[in-house]
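What follows is one structure encoded as structure tokens, with my remarks underneath.
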Amino acid sequence: MGIAVIVALLGTVLVAVGGLLFLPQAPQLPVLGAGDWPKLIVIYLGAGWSLLGAVQFLRHGQGRPGKAVLGLLMLLSLAGAGGVSWWVLSFSYQLPAPAQFAAEKPIPAFELRDQDGNTVSDASLRGKPVVLIFGRGVW
Amino acid sequence: MYPEIQKAGGEVVGFMPDTPEDVKAMVERTGVKFPMLADPDAAVAEAFGLRHAEAVPGKDLARPAILFVRADGTVAGSFQPDNYRRSVTPEELRAGFAGAVTSP
């Protein structure tokens with residue numbers, strides 16, 4: 001019984017801590033950095049614990065006030081985790097500022113191989129208008 | 001769009017910040033007809049000013065962009081969305097390519 005309450009409380013605290021760690025970058029998060037994943041894990045772990053503890057207490061626990069409080073904590077944790085997810089997802093699509101190209105300057109020199117092993121370079125593309133498409137690739 | 005650009009005497013080239021194997025697999029999967037170049041370390045994207053640092057934790061990628069380059073190698077225009085979800089429309093592609101054809 002007591003364990004369920006502790007787990008639920010601890011879960012809520014974890015969500016709160018994870019959320020607070022994100023707060024300094026809250027106005028904008030251009031992309032998720034490597035240091036952000038542990039925070040996300042803490043938040044989701046916390047939400048999971050909170051859910052687990054609250055459900056256990058609601059099923060086996062005694063006393064209405066306790067149930068109400070734990071239920072509320074669970075909702076708060078889930079809302080926190082959901083809010084952070086939404087925030088991360090909506091901002092991680094933001095891209096850096098566009099590159100500028102001087103009107104009179106040719107494109108930089110390059111030489112790469114295509115899917116068939118043919119070499120393509122800036123020089124080999126001279127003489128006709130070209131559309132260059134940069135993709136983010138697969139990852 | 002690719003046949004239309006080819007018919008107008010133009011060429012389309014893609015760049016992917018991936019290994020040649022990944023590029024080959026991607027081309028086979030999507031049926032891309034134009035040359036797709038492997039730019040494993042996004043070094044060429046960097047030279048173009050299109051590197052997107054730490055786009056994915058631990059991995060730099062290219063910023064999605066389309067450049068319209070004239071026959072003399074200068075850039076006539078570009079399409080650079082501020083969001084991954086935004087993709088180019090056929091009209092924008094047509095207009096951008098036309099800009100690279102007509103200008104000196």
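Computed log10 I(q)/I(0) for chain B at 0.16, 0.21 Å⁻¹: -0.80, -1.31, from the Debye equation with unit scatterers placed on every C-alpha and solvent omitted. Note on A:K105: aspartates and glutamates with a C-alpha under 18 Å away, same-chain residues under 8 apart excluded, are A:D122, B:E46, B:D72.
Each value in this text was obtained by applying a stated rule to the coordinates, not by laboratory testing. Computed from a prediction, not measured in an experiment: that's the story for all the values here.
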